[in-house]
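The values are calculated or read from the model by the stated rules, or taken from the named source; none is laboratory data. Keep in mind it's a predicted model, so treat the numbers as computed, not measured. Cβ sites come from the backbone with ideal geometry, for glycine too, and all protein chains shown count toward neighbours.
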Amino acid sequence: MKIGIMGGTFNPIHIGHLVCAEEALNQYGLERVIFMPTGRHPWSKPAAAEIGAESRFLMTEIAIGDNPRFVVSRYELDRPQPSYTVETIRHLREEMPEAELFFITGADAVLEILEWKDPEELLGMATLIAATRPGYSLERLSSEVGRFLGHDRVKIMEIPLIGVSSSLIRDRVARGMSIKYLVPEGVLGFIEKERLYRQA
């Protein structure tokens, strides 16, 4: 069984996240992708646009509701202590010992792998799928990460170039601009109903 794990704040989740997860399913033959909204980040400070964890979870749940191979986990959200990727993967490894795990992230995040907690252990438990984003060099990713790894535990996944980010969506909402088609319709409705990301 091949299982993908896609972590992120999902503040909010948008079409770029969904396209990335769908590409991972197809390109690597995954049986399902677990969306893992970030809990308490070890070194981040609350941002002005930060919203409650429950809202981020509900938006993720709404966004993936029509895809039977997408699921969302509360594991990191319900942990009282800070969330480290290696601890999340360790937990999933214990829960699914027979599964082959793939951690899906952006190419920029993979370039920071040396700063992650216990990167060698993480790469021993899961393969990293590095999704390319506009403006990032695949050559740089291959050379820097490949030199550190010494083995084939990072896969480069090309996805359609979609210039959408959570920060762009938050900014557009704050300025009263439309985000239709940038997020799933249900997520748009949730943001409007809860009046999320609006300027005070």
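Remarks
- Pick from segment 89-110, criterion assigned to a loop (DSSP other than H, G, I, E, B) and touching a residue at least 24 places away in the same chain (Cβ under 8 Å), ranking: surrounded by the fewest Cβ atoms within 10 Å (Cβ to Cβ): E98
- Within segment 178-194, residues that are at pLDDT 95 or above and surrounded by 20 or more Cβ atoms within 10 Å (Cβ to Cβ) have Cβ atoms under 7 Å from residues that are hydroxyl-bearing (S, T, Y) and not in a helix (DSSP H, G or I) in these pairs: I191/Y197, counting only partners at least 6 apart in sequence or on another chain.
- Listed by first and then second residue, the pairs linking a residue in segment 1-26 that is part of a helix (DSSP H, G or I) and surrounded by fewer than 19 Cβ atoms within 10 Å (Cβ to Cβ) to a residue that is modelled with pLDDT under 95 and not aromatic (F, W, Y), with Cβ atoms under 7 Å apart and 6 or more places separating them unless they lie on different chains, are I15/I162; I15/V164; V19/I159; V19/P160; V19/I162; E23/M157; E23/I159.
- Answer residue from segment 35-78, given it is charged (D, E, K, R), surrounded by 13 or more Cβ atoms within 10 Å (Cβ to Cβ) and closer than 22 Å to E115 by Cα and is modelled with the highest pLDDT among those: E76
- Subset of segment 180-192 [farther than 18 Å from I51 by Cα and of a type in the set (A, V, I, L, M)]: L182
- The set of residues in segment 167-200 that are touching a Phe, Trp or Tyr at 6+ places or on another chain (Cβ under 9 Å) and basic (K, R) comprises R170, R172.
- All of L161, L114, L138 fail the test of being in contact with a Pro (Cβ under 6 Å, 6 or more places away or on another chain), loosely packed, with under 14 Cβ neighbours inside 10 Å and at pLDDT below 90, apart from L161.
- Whichever residue in segment 117-135 is at pLDDT 70 or above and in a loop (DSSP other than H, G, I, E, B) and, among such residues, is nearest to P82 (Cα to Cα): K117
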